[in-house]
1. Got a sec? Which of G29, G13 is at positive phi and at pLDDT 95 or above?
2. Being surrounded by 14 or more Cβ atoms within 10 Å (Cβ to Cβ), under 20 Å from I145 (Cα atoms) and touching a strand residue (DSSP E or B) at 6+ places or on another chain (Cβ under 7 Å), is that true of even one residue in region 55-71?
3. Scan region 94-108 and give yes if some residue there is buried (at least 16 other Cβ atoms within 10 Å of the Cβ), assigned to a helix (DSSP H, G or I) and more than 19 Å from the chain's Cα centre (by Cα), otherwise no.
4. Only one of (1) β-branched (V, I, T); (2) touching a strand residue (DSSP E or B) at 6+ places or on another chain (Cβ under 7 Å); (3) surrounded by fewer than 19 Cβ atoms within 10 Å (Cβ to Cβ) is not met by V21, so which one is it?
5. Pick out the one residue from T89, T47 that is assigned to a loop (DSSP other than H, G, I, E, B), out of contact with any Ser or Thr (no Cβ under 6 Å at 6 or more places or on another chain) and among the β-branched types (V, I, T).
Amino acid sequence: MAHTEKKQFAVIGMGRFGLSVAKALSGMGFDVLAIDSDELQTQAVSTIVTHAVSADSTDEEALRALGIRNFDVVVVAIGEDIQASILTTLILKDMGGPLIVVKAQNELHGKVLHKIGADKVIYPERDMGLRVAHHLTSPNILDYIELSDEYSIVELRATKAMIGQNLKELNVRAKFGCNVMAIKRGTKMNISPSSSDRLSEGDVLVIVGEKNDLTKMELAYSEG
């Protein structure tokens with residue numbers, strides 16, 4: 001099999017958040033291993049992801065057996081059980097290897113996760129408020145994901161001003177310092193768009209950049 005640079009993700013915890021992350025990553029064409037202690041949960045997701053395994057993530061041997069160190073990113077999306085979330089994060093950190101992204105229930109949980117070495121802590125409930133605010137203030141923004149204090153990813157519906165132009169003509173990198181990572185067209189996702197790709201009505205651009213730059217870009221095209 002040819003070597004591929006495609007990132008591999010493991011998602012631990014198939015609750016509502018973990019399931020949505022696993023589905024989204026699979027939909028973008030990535031290899032995804034879904035892990036949950038409940039076999040019914042892993043069975044439910046088995047047709048969506050690359051692999052689905054029922055395992056206890058607080059058992060170091062079980063994680064080693066799954067080859068978890070070989071993954072690029074591990075998302076710990078364990079729901080209500082804060083103790084299991086912390087213990088899983090500790091084990092993963094101790095094993096070394098992947099980037100560890102952990103869902104926090106609240107600020108205190110988040111502080112503990114940062115202290116024990118989680119690379120990124122996310123607060124889905126808090127971030128959802130941020131997304132809703134962006135939806136309300138900018139009708140062309142379909143989704144908004146905060147990557148850090150400085151950077152975010154937005155899904156922007158192609159406006160009238162964009163339709164018919166190709167990425168070279170739009171040149172959002174030079175104008176706003178942002179990068180177009182992908183173009184969604186219906187159910188298809190082009191994850192390596194070329195500068196000659198022309199935008200059609202209904203296209204959605206997935207753009208990454210600094211928050212201030214993204215806001216400037218939103219405003220520039222909002223008239224479209």
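1. Of G29, G13, the one residue that is at positive phi and at pLDDT 95 or above is G13.
2. No, region 55-71 contains no residue that is surrounded by 14 or more Cβ atoms within 10 Å (Cβ to Cβ), under 20 Å from I145 (Cα atoms) and touching a strand residue (DSSP E or B) at 6+ places or on another chain (Cβ under 7 Å).
3. No.
4. For V21, the exception is condition (3).
5. Residue meeting the stated conditions: T47.
The values are calculated or read from the model by the stated rules, or taken from the named source; none is laboratory data. Quick caveat, the model's predicted, so the values are computed rather than measured. Neighbour counts run over all protein chains shown; Cβ positions are idealised from the backbone, glycine included.
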